[in-house]
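The block underneath contains the structure these notes are about, expressed in structure tokens.
Here, each number is a calculation from the coordinates, and none is a lab measurement. Everything numeric here is computed off the predicted structure, so don't read it as measured data. Backbone-built Cβ (ideal geometry, glycine too); neighbour counts: all protein chains shown.
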């Protein structure tokens, strides 16, 4: 059973990458989007790269993982192709793992390119490489799980985009990418603590600026918890729909 | 083939959506068996419960009640094992537009655990069998409707299932494609594959199926061989009456009437013609066919079935 699940999840991942993610328009959009952010920030108010780059990477991950992923499941449901996957000999968990991995891989590709551009533009200091990799992977998994949850919760493609934006834009402004969370009013600081982007920005900041590890490890744990919660809700939602 | 006496057995299968007075009983305690290697037809108008039944049998919907055994396995307990042994062709061709015909076949085989070394050869064989060899590298979204249907069926057969569910396989196809697909169903039977076929088309069911279940309002109202169903009408009389066109220039109208007594039927037909002020061009007694049986058993006009789908080819 487990081997069937792993095989199917892998097959879904490869199929999604080929059919949707790795199309030239998606790749170019995925790279242009964070690049536009980078230019907007540095041109308007030249900022300390130590503060800018973690937020930029977290945003690249957030939009990279969720932009296509939120559409893919809804689109497949609309054309009936999701039903084909539901008929295959795998559990719902495996199906959604395959979908989640697609979002993660695409988000990571976009983010690594963004990281490369940032490194060339600003140079990188002493980086905690292990922590950076762990943060990127766990952030990608949390955001991708959010994308899966959004896409199983709605029926139409445009609804998926709308709902995804309802999560993404508040996170973009409150999650520490533009303004440090500590500088927010108390009420908004509490809201920010409910958002995975906040923990992603914090951990990336530690990784890129060689900050204190203990705080970052807690951030990673929270990101893992977000992944699990979003994913469990996604599986339950899809199971309810097939009851 | 497994040791179970039936390829498929449903007992008291029920599906209710919602609860209380507003709830809908889509499938109402149906019982049937499908033998190994049999082509089993499931007929009924829209809303009869055919698609809900097929969704329950393939694991896409959870039954509210009853039990189902497929290839000797219990549907409620062994769904993943059952899924590996069945092929499903849904009403809509639902492969991936962005993948080629070949890649769609290979992807399906990956899902069903066909060994890597066997995939390419089997995909090429299926493409040849379904006359799609020249379309091997064409994306699914660019194939004609008939080709998409053929590829969807080929994909459902790629892992060599023992039982195939075909949901309205020829709906909307042109004459040649529909005939080709019927030949394919006949070939599956020759290979010992069990086929569960839902269709609106009585002629198609009559031609292909070993046995037929007629479903109306969530219930099976008749289940028998084609000859057995026809035999139920042996005592009945049927006439075909041809009336002149309403506007005296158009095509004459042909009506079929089935009933218990020939004289009453003729009297009714003549009375109707007089009432409508139309001349009778011809009146023949005929042998009841499956369509007449359907009309008798369901109380519905067979045109209900025909009119629900368009583009059917004979």
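The table that follows gives values for the structure above.
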item	result
Ranked B:230, B:83, criterion: other C-beta atoms within 10 Å, fewest first	B:230, B:83
Packing-based exposure ordering (other Cβ within 10 Å, fewest first) of B:214, A:22, B:157	A:22, B:157, B:214
Chain lengthening between residue A:50 and residue A:214 when straightened (0.36 nm per residue, less Cα-Cα)	57.1 nm
Estimated FRET transfer efficiency when R0 is 35 angstrom, pair residue B:253-residue B:92 (beta carbons, to 0.05)	0.55
FRET efficiency for residue B:227 and residue A:182, using Cβ-Cβ distance with R0 set to 60 Å, rounded to 0.05	0.10
Spherically averaged projected area in nm², based on the convex hull that wraps the Cα atoms of segment A:113-163	4.8
Computed log₁₀ I(q)/I(0) - Debye formula, equal Cα scatterers, no solvent, segment A:1-74, q 0.14, 0.20, 0.24 Å⁻¹	-0.59, -0.88, -1.06
Helix-only CD estimate at 222 nm, as mean residue ellipticity for chain A, using -39500 (n - 2.57) per DSSP H run (n ≥ 4)	-28000 deg cm²/dmol
Per-selection Rg to Rh, segment A:144-243 - Cα, Kirkwood hydrodynamic radius	1.04
Segment A:30-70 and segment A:211-243: distance between their alpha carbon centers, rounded to Å	23
Peptide A:78-88, shielding by other chains (average Cβ, 10 Å cutoff)	6
Förster radius 45 Å - calculated FRET efficiency between residue B:186 and residue A:224 (Cβ-Cβ, nearest 0.05)	0.20
Most mobile listed residue (B:169, B:80, B:45) in chain B, GNM with C-alpha springs under 10 Å	B:80
Max mean-square fluctuation residue, GNM over chain B, Cα-Cα springs under 10 Å, options B:61, B:26, B:156	B:61
Rg and Dmax of the protein assembly as shown, Cα atoms only, in Å	29.9, 102
Radius of gyration and Dmax over the Cα atoms of segment B:1-66, both given in Å	13.1, 44
For A:100, A:82, order by how many other beta-carbon atoms lie within 10 Å, fewest first	A:82, A:100
Gyration tensor (Cα) of chain A, equivalent ellipsoid semi-axes in angstrom	31, 18, 17
Separation of the residue A:165 and residue B:280 label points, Cα + 7 Å toward Cβ, nm	6.9
Three-way shape call for segment B:183-226 based on the alpha-carbon gyration tensor, with the a/c threshold at 1.5	prolate
Reduced Cα scattering model of segment A:1-136, Debye log10 I(q)/I(0), q = 0.17, 0.19, 0.20, 0.21 Å⁻¹	-0.90, -1.03, -1.10, -1.17
Calculated [θ] (222 nm, deg cm²/dmol) that DSSP helices of n ≥ 4 give over chain B, each run adding -39,500 (n - 2.57)	-10500 deg cm²/dmol
All Cα pairs of segment B:1-157, percent lying beyond 27 Å	37
More than 20 Å apart - percent of Cα-Cα pairs taken over segment B:66-149	44
Label-to-label distance, nm, for residues given as residue B:19 and residue A:133 (7 Å Cα→Cβ offset)	5.2
Once the Cα gyration tensor of segment B:202-243 is diagonalised, semi-axes √(5λ) in Å	21, 13, 13
Spin-label model distance (nm) - residue B:4 vs residue A:42, 7 Å beyond Cα toward Cβ	6.4
For chain B, alpha-carbon Rg over 2.2 N^0.38 Å	1.13
Value in Å of the Kirkwood radius, where segment A:133-202 supplies the Cα pairs that are averaged	12.8
Computed log₁₀ I(q)/I(0) - Debye formula, equal Cα scatterers, no solvent, segment B:237-281, q 0.25 Å⁻¹	-0.85
Kirkwood Rh, angstrom, segment A:22-65 [1 / mean 1/r, Cα pairs]	11.0
